[in-house]
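The values are calculated or read from the model by the stated rules, or taken from the named source; none is laboratory data. As the structure is a computational prediction, the values presented were derived from the model and not from experiment. Cβ: placed from backbone, ideal geometry, glycine included. Neighbour counts: every protein chain shown. The protein model used for the area step is the full one, side chains on, heavy atoms only, and it has no ligands, DNA or RNA in it. Shrake-Rupley method; radii C 1.70, N 1.55, O 1.52, S 1.80 Å.
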Amino acid sequence: MNRVMAILENPLYNDYIQRIDFKEKGRPFCRHNLDHFLSTARISYILLLENDEIDMLACRAGIPREKVKELVYAAGLLHDIGRWKAYETGEDHARLSARYAKEILQESGYTSREIEVICQAIMEHRGKSKHLSLLGERLHQADSFSRSCYQCSAQNECYKFNRDKYRLEY
């Protein structure tokens, strides 16, 4: 997991996390911080394990099986990294996150094919398409599952909670 550690230690990654934290000060809803990123990564990987999809993802991504965990964790850690810019411009944070992820992934030693797979999943993590990649689908599910919506004091004001009711089936 050396490349995952390289992401966590990347100065640009940490700058983006600080920018998100600044933009979300006083926000009553879920925060897009390292806890959320790690939870999303872990749950994505668990979903792949539970559905016996590790080999399928390795095959589709064209990578060795032993690299899948680093791929999944990279996607989870980076899936919302463009949030800070989205708050400023109104652009889709999934597109921004995929764009910002590329440089961090390159600096962290990911191959061009791995970067392509990770960035596609990041772009898909909002679940707006009916045809998601396997990693995009699991990232989308994990993004929702990583929230403590049923214990949140801002439930009544939250568009996402009221829209999705955070169904726990998959």
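Residues in segment 111-149 that are assigned to a loop (DSSP other than H, G, I, E, B) and either surrounded by 18 or more Cβ atoms within 10 Å (Cβ to Cβ) or touching a helix residue (DSSP H, G or I) at 6+ places or on another chain (Cβ under 7 Å) (or both): HIS125, ARG126, GLY127, LEU132, SER133, SER146, ARG147. In a residue-by-residue description of segment 25-38, the property of being open to solvent by 30 Å² or more (accessible area, probe 1.4 Å) and in contact with a helix residue (DSSP H, G or I) (Cβ under 6 Å, 6 or more places away or on another chain) applies to no position.
Taking only segment 76-91 into account, find how many residues are touching a helix residue (DSSP H, G or I) at 6+ places or on another chain (Cβ under 7 Å) and either open to solvent by 10 Å² or more (accessible area, probe 1.4 Å) or farther than 16 Å from ILE17 by Cβ (or both).
First pass over segment 76-91, keeping only residues touching a helix residue (DSSP H, G or I) at 6+ places or on another chain (Cβ under 7 Å): 76-87, 91.
Then drop every residue that is not either open to solvent by 10 Å² or more (accessible area, probe 1.4 Å) or farther than 16 Å from ILE17 by Cβ (or both), which leaves 83-87, 91.
Residues that pass the stated criteria total 6.
Filter segment 100-123 down to the residues that are of a type outside the set (Val, Ile, Thr) and under 13 Å from the mean Cα position of the chain (by Cα), then identify the one that is nearest to GLU9 (Cα to Cα). Steps first, answer last, please.
Residues of segment 100-123 of a type outside the set (Val, Ile, Thr): 100-103, 105-110, 112-114, 116, 119-121, 123.
Right, trim to under 13 Å from the mean Cα position of the chain (by Cα) and you get 100-101, 119-121, 123.
Values: TYR100: 15, ALA101: 14, CYS119: 19, GLN120: 23, ALA121: 22, MET123: 23 Å.
Among those residues, the one meeting the criterion is ALA101.
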